[in-house]
Amino acid sequence: MIPASGRLQSIRLLHGHPIQSWFRLSSTINKDFRSTFVSAGHFHLHNTDQLFKKNIFVMANRLSQVSGHISNAYGRGLLAGEVAIITGAGQGIGKATALLFAKEGAKVVISDIDAKRLEGVEAEIKAVGGDVLSVAGDVGADNFPKQIVDATVAKYGKINHIPVSPTTRCSTLPPDDAFDVILKIHVRAPFRLIRQAAPYFRVKGDQRENRSIINVSSTSGLHGNVGQANYAAAKAAVIGLSKTIAKEWGPFGVRANTIAFGLIHTRLTAPKEGGETIEVDGKKVALGVPGAARPETADEKVYAGIPLRRGGTVEDAAGSVLFLASPLASYVSGHTLEVTGGVGI
C-alpha cells in the first residue's frame with residue numbers, strides 16, 4: 001500500500017499543481033493497485049488498464065475535493081485571485097470581512113468614512129501579506145460610487161464581489177432627518193454603488209467565474225422592530241433590491257443575496273453611554289443602544305431569547321459573508337441568510 005507519508009505528499013502535490021499531480025498520483029496508485037489486488041488474484045480481467053484509468057480519475061477527483069477541504073480549513077484561497085469592494089471596512093463587520101477575504105486570497109478594496117481607522121485596517125491586511133487598496137470616502141456621497149469603482153478597475157481590472165455593509169442608526173436627529181439619513185445610507189448608497197459597478201457584472205463572460213452581490217439587512221428588516229421604523233424599512237428594502245438583482249443579473253452568472261443579522265456585538269449594539277459617534281452629512285450622530293449590556297458583563301437574561309445563548313461576533317458575521325461570496329454558495333441566489341444564533345425559528 002502507499003505509505004502514509006506518500007499519501008500526504010500526494011495530497012500536498014494535488015493542492016499545489018492539480019493536473020500534474022493527478023498523473024503523478026495516478027502512477028503511484030496504479031502501481032499499488034496492481035501489486036495489491038491484481039497480483040493477489042482478486043481481479044481477473046483481460047484489460048486491466050481501462051479499470052486502472054477509471055479508478056485513477058475517480059480517486060484523483062475525490063482527493064482533489066479532500067485537498068480543497070484541507071486547504072480551505074486553513075483559509076488558503078476560497079477567493080483566490082478575485083476582487084472585492086468592501087465598504088464600512090474601518091471597523092466592525094466590514095473590517096472583519098476585509099481581513100477574512102484577504103486571508104482567503106481576495107484582492108480587497110476597502111473603504112470607510114473614517115480615514116484613520118481605514119489606514120489601520122490597510123496596515124493589518126498588508127502585514128499578513130494581503131493585497132489591498134484603500135479608498136477613504138463617504139458611501140453616501142454622490143461621487144463615491146464612481147470614485148471607488150474607477151479606482152478598483154484601474155488597479156485590478158475587474159470586480160468579483162460587492163458585500164455592501166453600511167452601518168448607521170440615528171436616534172438623536174429630528175424624525176424626518178433620521179428617516180432620510182437611514183434610507184440614504186442603507187438603501188440609496190448600496191443601490192448607487194451596485195449600479196455604478198453594473199458594467200463589470202452584466203457581461204457575458206465565463207459563466208464559471210465567481211461573482212456576487214451581498215447586501216446586509218437585519219432581523220428588523222424581516223420582522224420589524226419597535227422604535228425602528230426607519231431602520232426596518234431600509235433593511236426590508238435591500239432584501240427586495242437583492243432579489244431583483246438576482247433575477248436581472250442571473251443570466252450573466254451573477255449571484256445576489258442578503259444577510260439578515262441578529263445581535264452582533266459592534267459599536268452599534270454597544271451601550272450608547274460609551275460615547276461612540278459618527279459624522280453623517282456634517283452632523284455628529286450618537287451610536288449604540290441606551291443601557292445595552294456589554295458582552296463581557298452580559299448575563300443569561302440578555303441572551304434568553306437566543307437559542308445559542310450568546311451574541312454574535314464580527315468574525316461570525318464575516319464568515320457568513322465569506323460563505324455567500326465563495327464558490328461554496330455557487331447555486332445560492334436571491335436568498336436571505338439569517339445569522340441570528342437561532343432567533344426567529
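Since every read-out is calculated from the coordinates, none of them should be taken as a lab result. Because the structure is predicted, anything quoted here is derived from the model rather than measured. Virtual Cβ from ideal backbone geometry, glycine too; neighbours counted across all protein chains shown.
Things to note:
- Summed residue charge, Cβ within 14 Å of Val332's Cβ, Lys/Arg positive, Asp/Glu negative: +2
- For the set Lys107/Lys155; Lys95/Lys158; Lys116/Lys184; Lys126/Lys155, the pairs lying more than 18 angstrom apart at their alpha carbons are Lys95/Lys158; Lys116/Lys184.
- Computed E for Ala154/Asp177 - FRET, C-beta separation, R0 51 angstrom, nearest 0.05: 0.90
- Annotation: extensible slack from Lys247 through Glu119 equals 42.4 nm (criterion: 0.36 nm per residue apart, minus Cα-Cα distance).
- Sites listed here are trypsin sites (Lys or Arg not before Pro) in segment 80-169 whose DSSP assignment is loop and whose Cβ has at most 16 other Cβ atoms within 10 Å: Lys158.
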